[in-house]
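Notes follow once the structure below has been shown.
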Amino acid sequence: MKGIKWMLFGIAWMLLGISCLLASALFGGGGLELLGALCPVLGVIICLLAVTMKE
């Protein structure tokens, strides 16, 4: 059960990154591009750790 919660947390980070990239494309801004690039990477790392987590 713990792994599923972490998996959802990682997916939320990926979606946050995608929304930041879309916002930076629409409104411009350098900070959003950096955040949009880092959030999905962090989300993938969290998801991979959740998959390998022992319960």
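Quick notes
- Accessible area of Ile4 (1.4 Å probe, protein heavy atoms only, ligands and nucleic acids ignored): about 100 Å².
- Of all accessible heavy-atom area on the chain, the percent that carbon and sulfur account for (1.4 Å): 81 percent
- Helical content alone sets the calculated 222 nm signal of the chain at -31500 deg cm²/dmol, taking -39,500 (n - 2.57) per DSSP H segment of four or more residues and averaging over every residue.
- Computed over protein heavy atoms with a 1.4 Å probe, the accessible surface of the chain works out to 73 Å² per residue.
- Cα-based radius of gyration of the chain once divided by 2.2 N^0.38 Å, which approximates compact folds: 1.28
- Nearest-ten-degree value, helix 30-52 long axis tilted from longest Cα axis of the chain: 10 degrees
- Relative contact order of the chain: 52 percent, from C-alpha pairs under 8 Å at least 6 residues apart in sequence.
- Degrees separating the helix 2-27 axis from the principal Cα axis of the chain, which is the longest one: 10 degrees
The values are calculated or read from the model by the stated rules, or taken from the named source; none is laboratory data. All of these numbers come straight from a predicted model, not from anything done at the bench. Calculation scope for accessible area: heavy atoms of the full protein, side chains included, ligands and nucleic acids excluded. Shrake-Rupley method; radii C 1.70, N 1.55, O 1.52, S 1.80 Å.
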